[in-house]
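Any read-out appearing in this document is the output of simple, stated calculations on the displayed coordinates, not a laboratory observation. Predicted, not measured: the structure shown is a model, and the values here were computed from it. All Cβ positions, even for glycine, are placed from backbone atoms using ideal geometry, and neighbour counts span all protein chains on display.
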């Protein structure tokens, strides 16, 4: 049987949740071609849904290697996203954030990556503990180091003709752990704070393009300054691009999540939860994405993304005509007070 047919049949079996048949087809395809990207991606997803996280992670790493060797940008973005999803399920949220940022940088049109990135950010902001599966031993990484910093930093910025200056106010940043990744349309900052907690701050996508090789940073006692060299002299109206399908990530703080309906009315999702500890297929991020966009047209997708992110995950609308006219306000669940950071 042709390898393409085996992969197709495996994908159909996976959609029907017939994981045994799906795995059989994926393995058969990989016997013919061990470097088949589609077959390996399918098997990683099967292992993930089967709760075989070690095997899913092993295949995800192979995916990255294959995509890097082929030089195909789309496949590399998919491989990083799959790796991020596996890391998320292993509760290694910091590493998941690093990989989903890579995926989004390679394909900034992928709304699924943007949504999943927000889900990971929620975990980081909530101070989730890193899984014991993390490579560092308990002696090397004490409990305090496993806690993610909860505090959102104060950020100031100003625009000049050739450069955008960004000040991130965090005291006593250890230079030895600081990593600043400049990309054409994004910047990612990560380091260990003086309290030995993990800090991650991501600007993606930036309002305009920058020149990574000319951009730089400087650490002060009370802040970190980024010097973003602009590609053009266009005036930046905001630090990040705010469009119908691209909302500033650092302003996104997701609280609840559910699946959209075909209703054109705004929906309150405060009764739904994400990742409540049960690892059934409905909590699989891959299954969530498929359910979220199934049958939706482009305007519906844009409406869902804009309303969901602007409302910090408290409202979801499928009516683009309605939400395109104004910002969707935050509507916290009953009994919850809204706090401005």
#### Entry: Principal axis dimensions, the range 62-127 - Cα atoms, whole angstrom, descending
38, 24, 13
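What is the extension gain from residue 327 to residue 176, computed as 0.36 nm multiplied by their sequence separation minus the C-alpha to C-alpha distance, in nm to one decimal?
50.3 nm
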#### Entry: Spin-label model distance (nm) - residue 192 vs residue 51, 7 Å beyond Cα toward Cβ
3.4 nm
### Message
As a test of the definition: which semi-axes, in Å, follow for the range 1-109 when you take the square root of five times each eigenvalue of its alpha carbon gyration tensor? Largest first, please.
### Response
23, 16, 11
### Kirkwood Rh and Cα Rg combined as Rg/Rh, the range 149-240
0.96
